[in-house]
């Protein structure tokens with residue numbers, strides 16, 4: 001009789017929670033760590049809805065210079081559209 005043992009396979013419990021991995025959100029560095037003072041200023045004005053021409057007039061620089069600063073800002077912040085820049089600036093402000 002001792003050799004006649006039957007083993008039942010263990011069934012997983014329905015109430016057992018699946019393995020969950022939680023990840024803390026990455027901390028976003030402040031804009032001042034990523035952008036120059038001028039780039040940050042221009043990005044904020046762009047986020048406020050000003051055109052390149054309006055930003056240039058307000059700061060006393062050419063709209064081409066504004067465009068250059070924004071292009072460098074886009075690269076540093078890894079955005080491709082002005083609206084993405086606006087959303088990011090708004091979220092970080």
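Nothing in this text is a laboratory measurement; each read-out follows from the coordinates by a stated rule. Since this is a predicted model, take the numbers as computed values, not measurements. When we count neighbours, we look across all protein chains shown, and the Cβ atoms used for this are built from the backbone with ideal geometry, even at glycine.
Mind checking the full-extension length gain between residue 41 and residue 53? Use 0.36 nm per residue of separation minus the Cα-Cα distance, one decimal, nm. List each step's numbers first, then the result.
Working: separation 12, 0.36 × 12 = 4.32 nm, distance 1.46 nm.
Gain on extension, residue 41 to residue 53, equals 2.9 nm.
The ranking of 76, 81 from fewest to most other beta carbons within 10 Å of each one's beta carbon is 81, 76. The alpha carbons of the range 51-93 give a radius of gyration and a Dmax of 10.8, 28 Å, in that order.
Per-residue Cβ neighbour counts within 10 Å put 55, 42 in the sequence 55, 42, beginning with the fewest. Counted by neighbouring Cβ atoms within 10 Å, the residues 73, 90, 65 run from fewest to most as 90, 65, 73.
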